[in-house]
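*Asks:* This structure is in structure tokens; I'll ask about it shortly.
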Amino acid sequence: MKRLLVFSLIFTSLLLSCEDVIDVDLPDQDTRLVVNGLIRVDETEPYVPVEISLTLSSNFFEENVPTSAESVLITYEEIEDNVVINQGSSTLAETSPGSGVYIPDPNFSSDQRIPTTTLDRDYVYTLFIRHQGRLYLAQTKYVRTVPINSVRQGTGTLFGDNETEIIVNFTDQPNVDNFYLFDFGFGEYLVTEDEFYQGQEFEFSFFYEDSFETGTVLDISVMGSDQTFYNYMDQLIEQSGDIQGPFQTPVTTVRGNVFDVTDLDNIDVLDNVDQPEVFPLGYFALVQEEKAQVTIN
Amino acid sequence: MHSINRFLPIFFFLISVLGIAQNRYTISGTVTEASSNETLIGVTIAIPSLRTGVTTNEYGFYSLTLPQGTYELQITYLGFEDIVETVTFDQNRKMNFRMTEKAQILEEVVVTENVEKLNISKPQMSVNTLAVQTIKNIPVVLGEADIIKSLLLLPGVSNAGEGASGFNVRGGAADQNLILLDEATIFNSSHLFGFFSVFNPDAIKDVKLFKGAIPSRYGGRVSSVLEIFQKEGNSKEFKMNGGIGVVASRLLAEGPIVKDKSAFLIGGRASYAHLFLPLFDVDNTAYFYDLNTKLNYRLNANNNLFLSGYFGRDVFAISDNFENIYGNSVLNLRWNHLFSDKLFSNLSLIYSDFYYGLELDFVGFKWNSGIRNFNLKYDLKHYLSDTFQVNYGINNIYYTFNPGKIVPNSPDSGILEEQLTKKYADEFAAYVDVEHSLSAALSLQYGLRLSHFIRFGQDELNVYENDNPVIFDPFLLVYQEATPIGTVSSKRGEQLASFTNLEPRIALAYTLNPEQSVKASYTRITQYLHLLSNTSSPTPLDVWTPSGPFVKPQILDQYALGYFRTLSEGEFSLETEVFYKDIQNRIDYIDGANLIANNAIEQVILNGQARAYGLELLVRKNEGRFKGWVAYTLSRSEQRTPGRTPSFDNGRSNRETGINFSNWYSTPYDKTHDVSLYGSYDLNKKWRFNTNFVYQTGQPTNYPVGQFQFEGLTVPFYGLRNEERLPDYHRLDISATLTPKKNDKRKLQAEWVFSIYNVYSRMNAASINFRRNQDTGVNEAVRTSIFGIVPAVTYNFKF
């Protein structure tokens, strides 16, 4: 919702402006570990599709490269009155050496996969990564979503004739504040919160900048999100997008929920305030995903 | 209370001065333009033999008290024929002067040096006045004369570039400018998101910008005061003027209702629809219009009534999907009353609002937001003697803030109607301002403003744990919105917060000799309203928010020192100033703050500080065929928001890094070097040429220090805030004005203005974006520039 309001500003500048690609000398910073840990769960499957991929950040004009870790582990605990009442863990292994992609270790002595039934309990999931001598940690909880009622193609346009309008209809879960992340494919995402449609059947349009050939099948999905992940994706979408001209908001380094705990001993060092430059990038989240398809005609 | 005690001596001093006046007589009256009865602001009435004098006020009134005797009075006003009159001060009397505009004589004009001498000796500094004629001469984009764009050519004034609204004074933000149109506050000064300003130059009489040494009769904004007065209307004969340009056309009519007694003025301006949308063949609209109206009625010699109004709207629509309407409305009733020939008063009743409306059909809602205020203002000017004038008054403004209301636009929309919590506040101020000449060499202007701000009860106010709406994660080092632990509703009459501030102002001028003076000033101003905007220039969608339980008022301290000199008997003038500004409680936004439709804005705001300092230089050539100026500003503007004082929670210290790790960072309006040149050359009766050149250090910005991929998104990431700069900005504009010879023989007076904006078509970067090219998959830096070379023609007429 909030993002949609911003549209008014974006395209006024588009109208008069002209754009050209230029050469810019960019300042260089050391590479950082990037954790791609968004786990999208289909609850009809028996196991959670755990996959964590690790890369190293790069200069803006270069490509990120995969990186291998010494170890990657996910633990989960259910805590009641400061006492752990249930727990479990999953040790991850690299799919092939150097790929940087980690899945539950198939060669472990016991089954390291996380059954989907685990998600029914109120677990806190913790991801540990030991990488080049540093220890990284992230914590999350499972967030559910609602199904998409329908997706259909519309005939409207927003900025030009070449666009494709997709009309998405879903019903918000009543009585709780919900945050949703929509994935429209092609790196197109939308975050929305239910502040203005609490518990309602809600319909909105999404516009692709391109037209598609007849018969193209578009996959659209909606994921659950907590407020922190919503904020994270909101910023990511904004920072990676095309915000123009004098109305652009200040850019920032979008920090996720993974942090460097190597020097935190909880005795002398209780926080990261003295080492603000030490941090990895990326996010660890465990969310339900509901899918829908639309065929372009 | 000790701060009040500090000012007591001033008041005692003041009282003792009042006691001395005796054996003196007063002449008073108004100065008007002879052909229209339009009152003239800032006319100098000088007594060369005493080296003293006064100037007319905003309503053309003056009052001069001198010891008994006979004196020669010189009445001078730039562009008008001088009046010299010998007056005997042996009784109090009324004298009105009528001045005639100078015919377009091109010979070297003889200047009365007193004009400049007086400016040299007046303590008022850091002020720039622009003649409306100069504003009309300055070449601008698409030929549409523009007050705010003209101000940008002055030292210490800049903006974020083409298509950016507002302006920045001495490194301040756009919301720190008090813009007054006939004493009413204008909240949004731009049309079409910043391409044009909302003021129709045809309807404007006088423009004055205070950048510092702001007299105590003004308050509420910390950076500057832009005071604009509309014309009153011609009470002698009916006149019309107008212009036809490539973007907009103007028409203004004025005339008497009762001859010499009352007059009206009505001016309209509209831009042409569809102009900016040649690229799209869909059904789009983009236009603006504004209407200036004024009525004045002269009840008798001591009473005048004025009714003025302004109404402006921008309309912007894209097919049926999107419609956007916004603008200001202002209505103002004023009553000038003379209690005596020494005591002038003005009572103003002002209503002003800003409305923003948006309809997004593809999401299914309408949205509106705005600010509305009622202002009661009573100002008195007491002309006690030629060396002593006291201005005092009170001012009360009641505000209603509508941060936004969302309503479904059709029965099948899933949107629920919701009103974001409206906010209410009252701002009261009382001031006294003294203009005091201590000796022929030393004069002072000192004053004190007492401001009191009340934030009234509202429907819902969030309550937070430890009263802290912004929490800090000490591991991830990010500020986050705190979750409210409840809400309280309070009655409108309740006070959620109140603030009282004393704002001393002092300025002094020491005249070294009739050509040179040094001036110094100190100004303290409190600003209680904040524009929620984290873009580099404000947008009409930004909402104003009052200080209150979580947001503190901004407090400015500004120090300025200047050296002023005239050369060659006033042909040239030189003004140099240095300034230092310090602002407490400047609001800053946490990383990723979402300001739009945010009902709990306190969750994303922290109070920080700002400072700016610099050097300004202005050399003007005031007379002759060639006139113009060179302005140079060297300055720095920074802000920072350190972590809040650590609290102790469960024995652990909640230390914070602050925004940008507590480092000072350049504000978006930090322009190290800013050079502006303006020149006007009268070749002959037929042709006049104007040019301006602007050079500015590029605007602070951020370049990515790296990038990462997350779920198919390419995300650049950044170092500390605003460490890089866009390429330097520069531009040359020229214009030629053709006045046809036929004008001499007819009533219709016409002129053609041919202009070229950005002559060498410099592609100045409005922004540089870093993105992944969707087609090639390659990352690239994309420069967005707004205008290349833009030629334009405008036809102006009057009859």
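*Asks:* Kindly provide the set of residues from the range A:217-238 that are at the interface with chain B (Cβ under 10 Å from one of its Cβ atoms), surrounded by fewer than 21 Cβ atoms within 10 Å (Cβ to Cβ) and either assigned to a strand (DSSP E or B) or polar (S, T, N, Q) (or both), ordered by number.
*Replies:* If the condition is that a residue be at the interface with chain B (Cβ under 10 Å from one of its Cβ atoms), surrounded by fewer than 21 Cβ atoms within 10 Å (Cβ to Cβ) and either assigned to a strand (DSSP E or B) or polar (S, T, N, Q) (or both), then A:Gln227, A:Thr228 are the ones that fit.
*Asks:* What is the number of the single condition among (1) touching a helix residue (DSSP H, G or I) at 6+ places or on another chain (Cβ under 8 Å); (2) assigned to a strand (DSSP E or B) that B:Leu376 does not meet?
*Replies:* Condition (1) is where B:Leu376 drops out.
*Asks:* Between a first residue in the range B:781-792 that is within 7 Å of chain A (Cβ to nearest Cβ) and a second residue that is polar (S, T, N, Q) and not in a loop (DSSP other than H, G, I, E, B), which pairs have beta carbons less than 6 Å apart while being 6 or more apart in sequence or on different chains?
*Replies:* From the range B:781-792, the pairs are B:Val782/B:Asn769; B:Thr784/B:Ser767.
*Asks:* Let me ask something else about it. Among the residues of the range A:172-180, is any farther than 30 Å from B:Asn324 by Cβ, assigned by TED's automatic domain parsing to the domain that holds A:Ala285, touching a residue at least 24 places away in the same chain (Cβ under 8 Å) and within 22 Å of the chain's Cα centre (by Cα)?
*Replies:* No, that holds for no residue.
*Asks:* Can I ask one more? For residues that are surrounded by fewer than 21 Cβ atoms within 10 Å (Cβ to Cβ) and facing chain A (nearest Cβ under 7 Å), scanning just the range B:764-780, find the one that is nearest to the chain's Cα centre (by Cα).
*Replies:* In this case the residue turns out to be B:Ile768.
*Asks:* Out of the range B:534-559, which residues are charged (D, E, K, R) and under 19 Å from B:His191 (Cβ atoms)?
*Replies:* Matches in the range B:534-559: B:Asp542 only.
*Asks:* Find the strands (runs of 3 or more DSSP E) located wholly in the range B:452-526 whose residues include 2 or more that are within 31 Å of the chain's Cα centre (by Cα), and list them.
*Replies:* Strands (runs of 3 or more DSSP E) meeting the threshold: B:495-513.
*Asks:* Given the structure, is B:Asn336 crowded, with 22+ Cβ neighbours inside 10 Å and touching a residue at least 40 places away in the same chain (Cβ under 8 Å)?
*Replies:* Yes, satisfied.
*Asks:* Sticking with this one: Is it the case, given these coordinates, that B:Thr526 is within 14 Å of chain A (Cβ to nearest Cβ) and in contact with an Asp or Glu (Cβ under 9 Å, 6 or more places away or on another chain)?
*Replies:* Answer is no for this residue.
*Asks:* Please indicate, with yes or no, whether at least one residue in the range A:187-200 is within 10 Å of chain B (Cβ to nearest Cβ) and under 19 Å from A:Thr295 (Cβ atoms).
*Replies:* yes
*Asks:* Take the residues in the range B:335-379 that are small (Gly, Ala, Ser) and touching a Ser or Thr at 6+ places or on another chain (Cβ under 7 Å); name whichever of them is nearest to the other protein chains (Cβ to nearest Cβ).
*Replies:* Taking the candidates together, the pick is B:Gly364.
*Asks:* State whether the residues of the range B:642-656 include one that is modelled with pLDDT under 95 and among the hydrophobic types (A, V, I, L, M, F, W, C).
*Replies:* yes
*Asks:* Take the residues of the range B:166-192 that are within 14 Å of chain A (Cβ to nearest Cβ) and over 12 Å from the mean Cα position of the chain (by Cα): which is surrounded by the fewest Cβ atoms within 10 Å (Cβ to Cβ)?
*Replies:* Across the range B:166-192, the extreme among qualifying residues is B:Leu192.
*Asks:* What pairs can you find where one residue is in the range B:405-427 and touching a residue at least 24 places away in the same chain (Cβ under 8 Å) and within 11 Å of chain A (Cβ to nearest Cβ), the other is surrounded by fewer than 19 Cβ atoms within 10 Å (Cβ to Cβ) and in a loop (DSSP other than H, G, I, E, B), and their Cβ atoms are less than 6 Å apart, with a gap of 6+ or different chains?
*Replies:* Qualifying pairs under 6 Å: B:Val407/B:Glu417; B:Gly414/A:Gln200; B:Leu420/B:Asn599.
*Asks:* B:Tyr580 - would you say it is touching a helix residue (DSSP H, G or I) at 6+ places or on another chain (Cβ under 7 Å), of a type in the set (Ser, Thr, Tyr) and touching a residue at least 24 places away in the same chain (Cβ under 8 Å)?
*Replies:* no
*Asks:* Tell me the residue from B:Pro727, B:Pro716 that is over 26 Å from B:Asn137 (Cα atoms), within 14 Å of chain A (Cβ to nearest Cβ) and not in a loop (DSSP other than H, G, I, E, B), please.
*Replies:* B:Pro716
*Asks:* Of all residues in the range B:731-780, how many are without any contact (Cβ under 8 Å) to a residue 24 or more places away in the chain and outside any helix (DSSP H, G or I)?
*Replies:* Final tally of qualifying residues: 9.
*Asks:* Output the strands (runs of 3 or more DSSP E) that fall wholly within the range A:36-116 and possess 3 or more residues being more than 17 Å from A:Gln139 (Cα to Cα), or say none.
*Replies:* A:83-94, A:101-104
*Asks:* What number goes with the only condition from (1) touching a helix residue (DSSP H, G or I) at 6+ places or on another chain (Cβ under 6 Å); (2) buried (at least 24 other Cβ atoms within 10 Å of the Cβ); (3) not in a helix (DSSP H, G or I) that B:Leu226 does not pass?
*Replies:* Checking B:Leu226 against (1) touching a helix residue (DSSP H, G or I) at 6+ places or on another chain (Cβ under 6 Å); (2) buried (at least 24 other Cβ atoms within 10 Å of the Cβ); (3) not in a helix (DSSP H, G or I), the one that fails is (1).
*Asks:* Quick check on B:Leu360: is it crowded, with 22+ Cβ neighbours inside 10 Å and hydrophobic (A, V, I, L, M, F, W, C)?
*Replies:* So B:Leu360 fits the description; yes.
*Asks:* Then there's this: Looking at A:Val143, A:Val151, which one is away from every other protein chain (no Cβ under 11 Å), touching a residue at least 24 places away in the same chain (Cβ under 8 Å) and within 30 Å of A:Leu127 (Cβ to Cβ)?
*Replies:* So the residue among A:Val143, A:Val151 that is away from every other protein chain (no Cβ under 11 Å), touching a residue at least 24 places away in the same chain (Cβ under 8 Å) and within 30 Å of A:Leu127 (Cβ to Cβ) is A:Val143.
*Asks:* Shifting gears a bit: Give the range A:167-181 a look and list any residue that's in a strand (DSSP E or B), among the β-branched types (Val, Ile, Thr) and within 18 Å of A:Thr145 (Cβ to Cβ), or say none.
*Replies:* If the condition is that a residue be in a strand (DSSP E or B), among the β-branched types (Val, Ile, Thr) and within 18 Å of A:Thr145 (Cβ to Cβ), then A:Val168, A:Thr171 are the ones that fit.
*Asks:* Assess whether B:Leu349 counts as being of a type in the set (A, V, I, L, M, F, W, C), part of a strand (DSSP E or B) and in contact (Cβ under 8 Å) with a residue 60 or more places away in the chain.
*Replies:* When the stated conditions are applied, B:Leu349 does not pass them.
*Asks:* Of these, B:Gly393, B:Gly357, which one is more than 16 Å from B:Gly220 (Cβ to Cβ) and small (Gly, Ala, Ser)?
*Replies:* Just one listed residue meets the conditions, B:Gly357.
The values are calculated or read from the model by the stated rules, or taken from the named source; none is laboratory data. Small disclaimer: the values here were computed from a predicted structure and weren't measured. Glycine gets a Cβ as well: all are built from the backbone with ideal geometry, and neighbour counts include every protein chain shown.
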